[in-house]
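Before anything else, here's the structure in question.
The values are calculated or read from the model by the stated rules, or taken from the named source; none is laboratory data. Everything quoted here is computed from the prediction, not taken from an experiment. Cβ placement follows ideal geometry from the backbone for every residue including glycine, while neighbour counts extend to all protein chains displayed. Quick note on the areas: whole protein, heavy atoms, side chains included, nothing else; ligands and nucleic acids left out. Shrake-Rupley method; radii C 1.70, N 1.55, O 1.52, S 1.80 Å.
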There are 2 protein chains.
Amino acid sequence: MIPVPHRIALLGFGNVGREFARLLLERRAELKREQGLEAEITAIFTARHGSVENAKGIDLRKALRRVEGGASLETCGRPIALPTSEHFRRGRADLVIELTPLRIAANQPALDHIVAALRSGKHVVTANKGPVLYHYRRLRELARRNRVGFRYEGTVMDGAPIFNLFQETLRGAHVLSFEGILNSTSNFILSEMEAGRSYSDGVAGARERGLLEADPAMDLEGWDATVKACLLANVLMGGRLRPEDVPRQGIAGIDADRVRRVRAAGGAVKQIARGGRTGRRVEASVSVEELPPRHPLASVDGTSSALRVRTDMLEDLLILERNPGVRQTAYAVYSDLIAIHEGRLHP
Amino acid sequence: MIPVPHRIALLGFGNVGREFARLLLERRAELKREQGLEAEITAIFTARHGSVENAKGIDLRKALRRVEGGASLETCGRPIALPTSEHFRRGRADLVIELTPLRIAANQPALDHIVAALRSGKHVVTANKGPVLYHYRRLRELARRNRVGFRYEGTVMDGAPIFNLFQETLRGAHVLSFEGILNSTSNFILSEMEAGRSYSDGVAGARERGLLEADPAMDLEGWDATVKACLLANVLMGGRLRPEDVPRQGIAGIDADRVRRVRAAGGAVKQIARGGRTGRRVEASVSVEELPPRHPLASVDGTSSALRVRTDMLEDLLILERNPGVRQTAYAVYSDLIAIHEGRLHP
């Protein structure tokens, strides 16, 4: 097996981007040996540390050291003066990994990056929910027309292979409905309250652990769970939902006594994201509910997340990922890279 | 898309074989439209209803009617006088689905059928644990050498895609250990005891529902769970285990009071199959254990089954299939057929 080199442009070098770089450093030899894949990061674009390229591959150890020390990437390669779209057009990478921060808006820089990359014939892997949420059909078609890969496993439930599982592995099965615990920050805060803490102490604990989004409403007002519910409904069930139109209930201001009372009776208060059909209409919702004892989602604690799916073939399948961290999101990107290398261009 | 026809030889026409035939009848149009796959069953081999072939495809409605009425298949096609191996060699099918009953033994007719089919260049799908358990490496190599498919998703957890998930979807991740509830009959009997029944009433209930194997020791003495633990250890972790060598504890004769006492305290008595490594050695075991409240496997009730896997990438992933029936095992065969049709020859 002759290893096929991939030249990767990395958009964003935050927590997930840096963890992906660490994973690549650790597994480089294994990737080459077991998958016949040689991966070099030939460009890194950042908002605050500059953007650099190196056709022979950027020294990732050095790049990690510099950014983690708060320095610029300037010593890691040639500065990139071109806009990203022009960089892609000039063919200096064959795969683009898009990891810029989430914004809930139909138009955003991340979308432009992905469109430019696909149009220039580059494969795209993203863990960014926004573009997939609002433009799934368009991006899928663009990738197919250009015969390149477009994968996004890291957008829901970190490394747990949700899209892969239901689109690729469970061929011939149709998703009828789902319910899940999809926002790990809310779930962590609820678990803290079960353990005796107040709502505001739970929020403070989440902030200390780096679990809270820059905009806390994303987690506490239920936006993150709603975005994920829409993503699942649109991609797995053919919906056309936008989070603005979906009934949404966050855990903000929830009564700690109620959480503990339900817990004492063996049940659990949980934020549940749902998707289903009414006639031909695909619908979704996010609400805070009291689950009875031994409900399969009642024991999903801390930062764990879980998705329970009904299909016409497997009536009731549940996937639970316990306490994932940034390594698991980086693995989602890594597994998408391997899939594209194997010619599995779409989930 | 021009539909590619598959001529299928079905070995065994028991519960799973007949359900697969029903599934094929229901989904024939969809398979052609969505997967570009035309499937005809051109031969059925049975032990008690005769063996017939029809190059244009056997009328499955008629075959189901006859066998369910206790009649022979003789009016459904030409009788097959040849041994199966000779039938395969003469090239009258391109895919063999092997669904004969499980026997725990290294040498068995099912193995001979599979070897003959692979050697004659036929794809093989099986839901039969025996041959995969004892001869996994040999069969995998034989399939690769002959460039044909060999898939066995239905051998563990019915339709839940265990092998597919860990071998195909989670590329680059290595299984470190697993624990699961893999024998649904034992789990059903334990749930019956929790609900107030005695052990023998639980066994009688399982028998009434057709959950008990012809040889009850398979379920009650823990053999079925042990076979599945060995299969997972051998296929997913590179082990070379045989069930005879694995510590095994069945639920036979278990004290109903103990089951209810643990349940009253919020926990559950469960039969747990495990696999792991001690140094480089792959090990497995099956034991009856008391799980604490909120253990992720404690709420797995009735005929549900679940598998919790630790990998070096996803630290803790759990797959739970609730109350599967024969339709779900038939779906495993169906999804293996689609996979082979797509060129995904091995999980």
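All but one of (1) open to solvent by less than 10 Å² (accessible area, probe 1.4 Å); (2) within 12 Å of another protein chain (Cβ to nearest Cβ) hold for B:Phe166, so report the exception by its number.
(1)
Go through region A:56-83 and give me each residue that's within 23 Å of A:Leu23 (Cβ to Cβ) and at pLDDT below 90.
none
Answer yes or no: is there a residue in region A:231-246 that is within 14 Å of chain B (Cβ to nearest Cβ), open to solvent by 10 Å² or more (accessible area, probe 1.4 Å), in a loop (DSSP other than H, G, I, E, B) and more than 20 Å from A:Glu192 (Cα to Cα).
Taking region A:231-246 as the starting set, the residues that turn out to be within 14 Å of chain B (Cβ to nearest Cβ) are A:238.
Next, only the ones that are open to solvent by 10 Å² or more (accessible area, probe 1.4 Å) stay: A:238.
From the residues that got through so far, the ones that are in a loop (DSSP other than H, G, I, E, B) too are A:238.
Filter once more, keeping what is more than 20 Å from A:Glu192 (Cα to Cα): A:238.
Looking for residues that are within 14 Å of chain B (Cβ to nearest Cβ), open to solvent by 10 Å² or more (accessible area, probe 1.4 Å), in a loop (DSSP other than H, G, I, E, B) and more than 20 Å from A:Glu192 (Cα to Cα), one finds at least one in region A:231-246, hence yes.
Would you say B:Gly172 is at pLDDT 95 or above, open to solvent by less than 30 Å² (accessible area, probe 1.4 Å) and either touching a helix residue (DSSP H, G or I) at 6+ places or on another chain (Cβ under 7 Å) or not hydrophobic (A, V, I, L, M, F, W, C) (or both)? If you could, list the steps in order and put the result at the bottom.
On the way: at pLDDT 95 or above: no; open to solvent by less than 30 Å² (accessible area, probe 1.4 Å): yes; either touching a helix residue (DSSP H, G or I) at 6+ places or on another chain (Cβ under 7 Å) or not hydrophobic (A, V, I, L, M, F, W, C) (or both): yes.
When the stated conditions are applied, B:Gly172 does not pass them.
While we're on this one: Does A:Asp215 qualify as being in a loop (DSSP other than H, G, I, E, B), within 14 Å of another protein chain (Cβ to nearest Cβ) and not hydrophobic (A, V, I, L, M, F, W, C)?
Values: in a loop (DSSP other than H, G, I, E, B): yes; within 14 Å of another protein chain (Cβ to nearest Cβ): no; not hydrophobic (A, V, I, L, M, F, W, C): yes.
Taking the combined requirement at face value, the residue does not satisfy it.
Name the pairs whose Cβ atoms lie under 6 Å apart, with the first residue in region B:238-249 and closer than 11 Å to B:Ala225 by Cα, the second part of a loop (DSSP other than H, G, I, E, B) and open to solvent by less than 80 Å² (accessible area, probe 1.4 Å), and 6 or more positions between them or separate chains?
B:Arg248/B:Gly222; B:Gln249/B:Gly222
Would region A:253-263 turn up any residue that is of a type outside the set (Ser, Thr, Tyr), surrounded by fewer than 16 Cβ atoms within 10 Å (Cβ to Cβ) and more than 25 Å from A:Pro216 (Cβ to Cβ)?
Yes, region A:253-263 has at least one match.
Looking only at region A:182-209, which residues are in contact (Cβ under 8 Å) with a residue 60 or more places away in the chain and in a loop (DSSP other than H, G, I, E, B)? Quick ask: steps written out before the conclusion?
Quick first cut of region A:182-209, residues in contact (Cβ under 8 Å) with a residue 60 or more places away in the chain only: A:182-191, A:193-194, A:196.
Passing the criteria: A:Leu182, A:Asn183, A:Gly196.
Any chance you could count how many residues in region B:10-34 are touching a Phe, Trp or Tyr at 6+ places or on another chain (Cβ under 8 Å), of a type in the set (A, V, I, L, M, F, W, C) and within 14 Å of another protein chain (Cβ to nearest Cβ)?
Count: 3.
I'd like to check something: does region B:216-228 contain any residue that is surrounded by fewer than 19 Cβ atoms within 10 Å (Cβ to Cβ) and either in contact (Cβ under 8 Å) with a residue 40 or more places away in the chain or within 30 Å of A:Asp336 (Cα to Cα) (or both)?
no
While we're looking at this one, here's another question. Return yes when B:Val326 is open to solvent by 20 Å² or more (accessible area, probe 1.4 Å) and under 22 Å from the mean Cα position of the chain (by Cα) and no when it is not. Quick ask: steps written out before the conclusion?
Details: open to solvent by 20 Å² or more (accessible area, probe 1.4 Å): yes; under 22 Å from the mean Cα position of the chain (by Cα): yes.
For B:Val326, the condition - open to solvent by 20 Å² or more (accessible area, probe 1.4 Å) and under 22 Å from the mean Cα position of the chain (by Cα) - is met.
Being away from every other protein chain (no Cβ under 14 Å) and aliphatic (A, V, I, L, M) narrows it down to one of A:Ala39, A:Ala81, so name that one. Give the derivation first.
Values: A:Ala39 fails: away from every other protein chain (no Cβ under 14 Å).
Answer to the selection: A:Ala81.
Do we find that A:Arg263 is of a type in the set (Lys, Arg), more than 26 Å from the chain's Cα centre (by Cα) and away from chain B (no Cβ under 14 Å) in this structure?
Details: of a type in the set (Lys, Arg): yes; more than 26 Å from the chain's Cα centre (by Cα): yes; away from chain B (no Cβ under 14 Å): no.
No: the conditions fail for A:Arg263.
Would a scan of region A:305-317 turn up a residue that is open to solvent by 10 Å² or more (accessible area, probe 1.4 Å), free of Cβ contacts under 8 Å to residues at least 40 places away in the same chain and touching a His at 6+ places or on another chain (Cβ under 8 Å)?
No, region A:305-317 has no match at all.
Taking the condition of being charged (D, E, K, R) and in a helix (DSSP H, G or I), how many residues in region A:249-287 meet it?
Our first condition is that a residue be charged (D, E, K, R); within region A:249-287, this holds for A:255, A:257-258, A:260-261, A:263, A:270, A:274, A:277, A:280-281, A:283.
Of the ones still in play, those that are also in a helix (DSSP H, G or I) are A:257-258, A:260-261, A:263.
The total comes to 5.
Being under 17 Å from B:Ser186 (Cβ atoms) and open to solvent by less than 10 Å² (accessible area, probe 1.4 Å) is the requirement here; does B:Glu321 meet it?
Values: under 17 Å from B:Ser186 (Cβ atoms): yes; open to solvent by less than 10 Å² (accessible area, probe 1.4 Å): yes.
It is true that B:Glu321 is under 17 Å from B:Ser186 (Cβ atoms) and open to solvent by less than 10 Å² (accessible area, probe 1.4 Å).
So which residues in region A:295-333 are among the small types (Gly, Ala, Ser) and more than 7 Å from chain B (Cβ to nearest Cβ), if there are any at all? Spell out the reasoning first.
Just the residues of region A:295-333 that are among the small types (Gly, Ala, Ser), to begin with: A:298-299, A:302, A:304-306, A:325, A:330, A:332.
The answer is A:Ala298, A:Gly302, A:Ser304, A:Ser305, A:Ala306, A:Gly325, A:Ala330, A:Ala332.
Right, B:Val300: assigned to a strand (DSSP E or B), buried (at least 19 other Cβ atoms within 10 Å of the Cβ) and of a type in the set (Val, Ile, Thr) or not? Give the steps one after another, and end with the answer.
Values: assigned to a strand (DSSP E or B): no; buried (at least 19 other Cβ atoms within 10 Å of the Cβ): yes; of a type in the set (Val, Ile, Thr): yes.
For B:Val300, the condition - assigned to a strand (DSSP E or B), buried (at least 19 other Cβ atoms within 10 Å of the Cβ) and of a type in the set (Val, Ile, Thr) - is not met.
I need the full set of residues from region A:265-290 which are closer than 20 Å to A:Phe188 by Cβ and either open to solvent by 80 Å² or more (accessible area, probe 1.4 Å) or free of Cβ contacts under 8 Å to residues at least 12 places away in the same chain (or both), in order please. Break it down stepwise before answering.
Initially, region A:265-290 is screened for residues closer than 20 Å to A:Phe188 by Cβ, giving A:267-273, A:286-290.
Once the filter is applied, which keeps residues that are closer than 20 Å to A:Phe188 by Cβ and either open to solvent by 80 Å² or more (accessible area, probe 1.4 Å) or free of Cβ contacts under 8 Å to residues at least 12 places away in the same chain (or both), region A:265-290 yields only A:Glu290.
With the checklist (1) closer than 30 Å to A:Gln35 by Cβ; (2) more than 14 Å from chain A (Cβ to nearest Cβ) in hand, flag the one item B:Pro161 doesn't pass.
B:Pro161 satisfies every listed condition except (2).
Okay, moving on. Starting from region B:147-159, keep only residues that are under 22 Å from B:Ser184 (Cβ atoms) and aromatic (Phe, Trp, Tyr), then list their pairs with residues that are open to solvent by less than 10 Å² (accessible area, probe 1.4 Å) and not in a strand (DSSP E or B) whose Cβ atoms are within a distance under 9 Å, requiring at least 6 positions of separation or different chains.
Pairs that qualify, where the first residue is under 22 Å from B:Ser184 (Cβ atoms) and aromatic (Phe, Trp, Tyr) and the partner is open to solvent by less than 10 Å² (accessible area, probe 1.4 Å) and not in a strand (DSSP E or B), are B:Tyr152/B:Asn128; B:Tyr152/B:Pro131; B:Tyr152/B:Val132; B:Tyr152/B:Leu139; B:Tyr152/B:Phe163; B:Tyr152/B:Leu231; B:Tyr152/B:Ala332; B:Tyr152/B:Asp336.
Here's another thing I want to ask about it. Just a yes or no: is a residue in region A:9-24 among the hydrophobic types (A, V, I, L, M, F, W, C) and more than 19 Å from the chain's Cα centre (by Cα)?
Quick first cut of region A:9-24, residues among the hydrophobic types (A, V, I, L, M, F, W, C) only: A:9-11, A:13, A:16, A:20-21, A:23-24.
Okay, now just the ones that are also more than 19 Å from the chain's Cα centre (by Cα), so none.
Looking for residues that are among the hydrophobic types (A, V, I, L, M, F, W, C) and more than 19 Å from the chain's Cα centre (by Cα), one finds none in region A:9-24, hence no.
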